[in-house]
Amino acid sequence: MSESESSDASVVDSTQEQSKQVLEFDYSDTLHALKRYFSSGSTRSYEWRKTQLKALSDMLSKHEKAFNEALYKDLNKCKHEAYVTEIAFLQSDIKHTLKHLKKWMRPQKKSTPLVAQPAKSYVKSEALGVALIIGAWNYPIQLTLSPLIAAIAAGNCAIIKPSELAENSSAILAKLLPDYLDKKAFAVIEGGKDETSALLSLPFDKFFYTGGEQVGKIVMRAASENLTPVTLELGGKSPCVIDKSTDLSITADRIVWGKWMNAGQTCIAPDYVLVLSEIRDEFIEALKSAIEKQYSADPKTSEEYGRIISQRHCQRLASYLDGQKVIYGGQIDMQTRYISPTLVLEPDSDSELMQEEIFGPILPILSMPSKQAMIEFINKRPHPLAAYLFTKDKDFEEEFVERVSAGSMCINDCSMFMLNHKLPFGGVGTSGMGRYHGKYGFDTFSHEKSVMSRSFALENQFRYAPFTTFKKFMINRFIG
Ligand code: NAD
């Protein structure tokens, strides 16, 4: 074979390889099968939704051990943390949904203005169709199944794409979900960027994405092609403000819990602390002793302390410490993906540490001269996913709630709002759009259809031409 023939052959090979890849990642048949099933109406009934939710609950209880093992392999997540933040969280989500589902499904009656009477007005929630749920790796079971619970409650079908970074959790979901859920309504597709891109090119009826801002933009661009409605659960730098009136010891315990759970890989973990200068050193001492109380002086030996998801993320976090004043921790073991709880003092606002979302066990501490300066510091930056304030000063609390914009807020604690199914969860601005949890999740996966049902009685002629002066007078009186 000549040189040019051989290079032609390799071009053909690589083209065939590529088209094979494209074929491999063509999920349109799966989507169309789910769409057909959705159109059959099988997913509309309360009974079907209840059966799916109960099956999901069964799967979680029967395979809790397997989920725990997967979470341990992916993130070194200890059994207790796995239970509280993933399994029990989801069970409680299902329980709440089952308790309220009938009520949520009921049409909501609305009053009818005089001009349209006699008629009945109501809002009927209807499922959107087939949703694509793209999960995240940090709480890989919770963040994949919680949107699925909402999608099921609203009567949708779905393709579920767990995060490839938490590979063991992804594998267990792919193995178990088809055994428990209606296979005609749900499919799990594993994979990374290529598989997700192939999915995003299809005409889904809803995209629900949890992850970082950059991919969020890709999802939104893809959504615009088919005008697919989109919910983006993103992240950002969540501030934590410490006022001098706070109880420092309880504050420190709660911050250590919220920050170092899952080794800092929590989208709503405090990203940085702003503390009034006069109590900075006292606060730091309280924080150090709370870290040692919860994870011991050598957290590497603590069974409760997690590991970073990948070496790439470990390197990213390590690079944030370059040139910073590390006042506590800073131990890094790339091999085992370990980074100890680390405190950085007064980082430069322009440094990567203060520009990027940390999403790891490093906590920058910045002292501030006044309460006003703390609020201004936060408000000069993009809206965070969560904002925290520790204070006993009710006026400051009120001002903080009024002036600081954030997806969610917690005063005198971290992350606890997640436990209240009655509160919506979602970002604002660059931290995301849309929300879920409880009824908000049901609404996110529904279209609220307005219905007015009129009767043939009391037909009036006012709205029909010809528009006489009397008709105009009557119309102005009733509509204007
Ligand atoms: P990521 O954004 O890199 O990946 C998330 C998903 O996107 C994965 O399923 C992946 O397969 C897919 N993906 C990656 N690259 C892609 C591409 N180029 N095209 C199409 N799909 C692609 O995840 P991440 O950024 O490492 O996640 C961390 C971020 O997620 C943080 O910002 C965190 O705050 C945020 N987060 C938010 C929440 C929330 O509930 N709001 C929860 C967890 C994490």
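The values are calculated or read from the model by the stated rules, or taken from the named source; none is laboratory data. Just so it is clear, the structure is predicted and the values come from calculations on it, not from any experiment. Glycine gets a Cβ as well: all are built from the backbone with ideal geometry, and neighbour counts include every protein chain shown. Accessible surface areas use protein heavy atoms only, side chains included; no ligands, DNA or RNA. Shrake-Rupley method; radii C 1.70, N 1.55, O 1.52, S 1.80 Å.
If you scan the stretch 350-363, which residues turn out to be in contact (Cβ under 8 Å) with a residue 12 or more places away in the chain and away from the ligand (no atom under 16 Å from the Cβ)? Answer for the stretch 350-363, where residues must be in contact (Cβ under 8 Å) with a residue 12 or more places away in the chain and away from the ligand (no atom under 16 Å from the Cβ): just S351. For the stretch 243-264, the criterion of being within 16 Å of the ligand (Cβ to nearest atom), in a loop (DSSP other than H, G, I, E, B) and among the basic types (K, R) is met by none of the residues. When the criteria are applied in full, A269 fails the requirement of being away from the ligand (no atom under 16 Å from the Cβ) and either acidic (D, E) or touching a helix residue (DSSP H, G or I) at 6+ places or on another chain (Cβ under 7 Å) (or both).
Here is a check on your reading of the model: is R221 assigned by TED's automatic domain parsing to the domain that holds L276 and either in contact with a helix residue (DSSP H, G or I) (Cβ under 9 Å, 6 or more places away or on another chain) or open to solvent by 10 Å² or more (accessible area, probe 1.4 Å) (or both)? So R221 does not fit the description; no. Return yes when A131 is in a strand (DSSP E or B), within 16 Å of the ligand (Cβ to nearest atom) and either assigned by TED's automatic domain parsing to the domain that holds R44 or buried (at least 22 other Cβ atoms within 10 Å of the Cβ) (or both) and no when it is not. In short, yes. Contact annotation: residue pairs with Cβ atoms under 7 Å, 6 or more positions apart or on different chains, pairing a residue in the stretch 427-456 that is free of Cβ contacts under 8 Å to residues at least 60 places away in the same chain with a partner that is open to solvent by less than 70 Å² (accessible area, probe 1.4 Å) and within 11 Å of the ligand (Cβ to nearest atom), are V428/G407. Quick check on the stretch 389-443: of everything there that is surrounded by 17 or more Cβ atoms within 10 Å (Cβ to Cβ) and among the hydroxyl-bearing types (S, T, Y), which residue is nearest to the ligand (Cβ to nearest atom)? By that ranking, first place goes to S431.
In the stretch 186-197, the residues that are part of a loop (DSSP other than H, G, I, E, B) reach residues that are within 10 Å of the ligand (Cβ to nearest atom) and among the aliphatic types (A, V, I, L, M) with C-beta atoms within less than 9 angstrom, at least six apart or across chains, in these pairs: I189/A198; I189/L199; G191/A198; G191/L199; G192/L165.
Within the stretch 183-211, the set of residues being crowded, with 16+ Cβ neighbours inside 10 Å, near the ligand (Cβ under 10 Å from one of its atoms) and within 24 Å of T430 (Cα to Cα) comprises T196, L199, L200, Y209, T210, G211.
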